[in-house]
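A short worksheet on the structure shown next.
Any read-out appearing in this document is the output of simple, stated calculations on the displayed coordinates, not a laboratory observation. It should be emphasised that the depicted structure is a prediction, and the values quoted were computed from it without experimental measurement. All Cβ positions, glycine included, derive from the backbone under ideal geometry; neighbour counts span all protein chains shown.
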Amino acid sequence: MKALLLIDLQNGFCPGGNLPVPAGDAVVPIANRLIEDGGYDLIVASQDWHPANHGSFASQHPGAKPFDTATLSGKPQVLWPDHCMQESPDAEFHPELNTDAFDYVQQKGENPAVDSYSAFRDNDHAAVTGLAGYLRAQQVSELDICGLATDYCVKFSALDAREMLPGVQVRLIEDASRGIDPQGVTAAISEMRDNGIAIVTSREILAD
Ligand code: VGL
Ligand code: ZN
């Protein structure tokens, strides 16, 4: 089974959202083409889904500003603007994304005490989401990952896919992803490659 995992293609990470990724919305038409013509058996999406008091929000740390670093669950944590609050428009998928095609949606980041960049588990690795179990039950053997943001949720999801789904071929679709920080993106792509994740483009996939 071949699965496509779309990471956090939500209003909050697109221009006009609360934590916009530069040109984040540019990946939506690419994602729709991959959904339609990428040859996938399964389409899975993650959704950043925070309570209003989430500990990754600078607003929860007196005196802190967005993009400062603090400590959360014992680890350094970048503090973000309030974003992707449960039930808010910021948390909704981009309106042009073909959500009708989704077979499974994995929400994450619901525990206020820890962030969850990865769609597979919290940053402290104490709690897993249901995603790895779902993909195992579906006997997924190939997993292509793309979305927002390359240097955060896409990277951590891809690394966890490698670790938690042994034997599954994991690929990053680079042009169907966008990042927050250009240097962070370069480093994230090297780290993914070093961990056995193939870097591919949507053109290669759509041409097959
Ligand atoms: C993300 C920062 C905070 C992401 C989510 O989707 O990459 N980044 N929450
Ligand atoms: Zn978040």
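Our coupling estimate for region 150-166, obtained by passing each phi through the Karplus curve with A = 6.51, B = -1.76, C = 1.60 and θ = phi - 60°, is 3, 8, 10, 5, 5, 4, 5, 5, 5, 5, 5, 4, 4, 6, 9, 10, x Hz, Gly and Pro reported as x. Note on region 79-208: Cα-only Rg and Dmax are 14.8, 44 Å.
Among Val44, Val27, Val78, the largest mean-square fluctuation in a Gaussian network model of the chain (Cα springs under 10 Å) belongs to Val78. Each principal axis of region 1-144 carries a Cα extent, and these read 49, 33, 22 Å when sorted largest first.
Derived scalar couplings between HN and Hα for region 109-122 equal x, 7, 7, x, 8, 8, 8, 9, 5, 6, 6, 9, 6, 5 Hz in order, rounded to whole Hz, by the Karplus curve 6.51 cos²θ - 1.76 cosθ + 1.60 (θ = phi - 60°), x for Gly and Pro. Counting every other Cβ atom within 10 Å of each residue's Cβ, Arg33, Arg178, Arg171 order from fewest to most as Arg33, Arg171, Arg178. Panel order for Trp49, Trp80, by other beta carbons found within 10 Å of each beta carbon, from fewest to most: Trp49, Trp80.
Can you list the chymotrypsin sites (Phe, Trp or Tyr not before Pro) in region 123-208 that are in a DSSP coil and have 16 or fewer other beta carbons within 10 angstrom?
Details: sites: Tyr134, Tyr152, Phe156; in loops: none.
Here no chymotrypsin sites (Phe, Trp or Tyr not before Pro) fit, given the DSSP loop and packing criteria.
Could you calculate the FRET efficiency of Arg203 with Val128 from 1/(1 + (r/R0)^6), where r is the beta carbon distance between them and R0 is 35 Å, rounded to 0.05?
Values: r = 34 Å, r/R0 = 0.96.
My answer for the efficiency is 0.55.
Taking amide H atoms as placed 1.01 Å from N in the peptide plane, the amide H of Gln106 lies under 5 Å from those of Ala45, Ser46, Gln47, each 5 or more residues away in sequence or on another chain.
Under 12 Å from the Cβ of Lys75, count the other residues' Cβ atoms, weight Lys and Arg +1, Asp and Glu -1, and hand me the total. Working shown, then result.
Numbers: positive: none; negative: Asp115, Asp122, Asp124.
Residues near Lys75 contribute -3 overall.
Annotation: amide H-H contacts under 5 Å for Asp68 (H modelled 1.01 Å from N, sequence separation of 5 or more, or interchain): Leu79.
The GluC sites (Glu not before Pro) of region 33-122 that meet both conditions, a loop assignment by DSSP and at most 14 other Cβ atoms within 10 Å of the site Cβ, are Glu87, Glu96. For region 68-143, calculate the relative contact order in percent as a whole number, restricting contacts to Cα pairs under 8 Å that are 6 or more residues apart. About 18 percent, as a whole number. Residue-wise HN-Hα couplings along region 83-91, as the Karplus relation 6.51 cos²θ - 1.76 cosθ + 1.60 with θ = phi - 60° gives them from phi, are 8, 6, 6, 3, 6, 8, x, 4, 8 Hz; Gly and Pro carry x.
With contributions of -39500 (n - 2.57) from each DSSP H run of at least four residues, the per-residue ellipticity at 222 nm computed over the chain stands at -6500 deg cm²/dmol.
When the convex hull of the C-alpha atoms of region 13-64 is computed, what volume per residue in Å³ does it have?
That works out to 99 Å³ per residue.
Panel order for His54, His94, His61, by other beta carbons found within 10 Å of each beta carbon, from fewest to most: His61, His94, His54.
For Ile145, nonlocal amide neighbours, meaning residues 5 or more places apart or on other chains whose placed amide H falls under 5 Å from its own, are Leu5, Arg171, Leu172, Ile173.
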